[in-house]
1. List the number of the failed condition for V27; all other conditions in (1) modelled with pLDDT under 95; (2) touching a Leu at 6+ places or on another chain (Cβ under 9 Å) hold.
2. Out of everything in the range 33-80 that is basic (K, R) and outside any strand (DSSP E or B), what residue ends up being farthest from A20 (Cα to Cα)?
Amino acid sequence: MKRALAVSAFLLLVAPAASAYQVTGPVLEVNNDSIVVEKNKEKWEIQRDKDTKVTGELKKGSKVTVQYKMTATSIDSKDKGSDKQVKRVAQKSIKEKRAAKKAKKASSKSAE
């Protein structure tokens, strides 16, 4: 019981961090809406707002570590697949699994 509780607590602590990212480097540009940080000669522009917590002085040239999350704002599926296409793909997958199983069985018989 204690072990299950400990594992659950650990997962609750780790889960939110799974979608969090960070970038570290010098500030190239900064304004009220965004910050641009250089990492490995690439420019990383990250949006920010009034709720973004800033510790220390934020100015061009400062070395910073930015914690950020990527969250989808919208998703448009372009797939117009019909039910027949979905069934066809599923049947193909089943046939491939059966063929692999037969091949494995045949190779194990020939090895005997």
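1. So the condition that V27 fails would be (1).
2. Once the filter is applied, the top-ranked residue is K80.
The values are calculated or read from the model by the stated rules, or taken from the named source; none is laboratory data. Worth saying up front: this structure is predicted, and the values here are computed from it rather than measured. Counting neighbours? That spans all protein chains shown, and the Cβs are built from the backbone with ideal geometry, glycine included.
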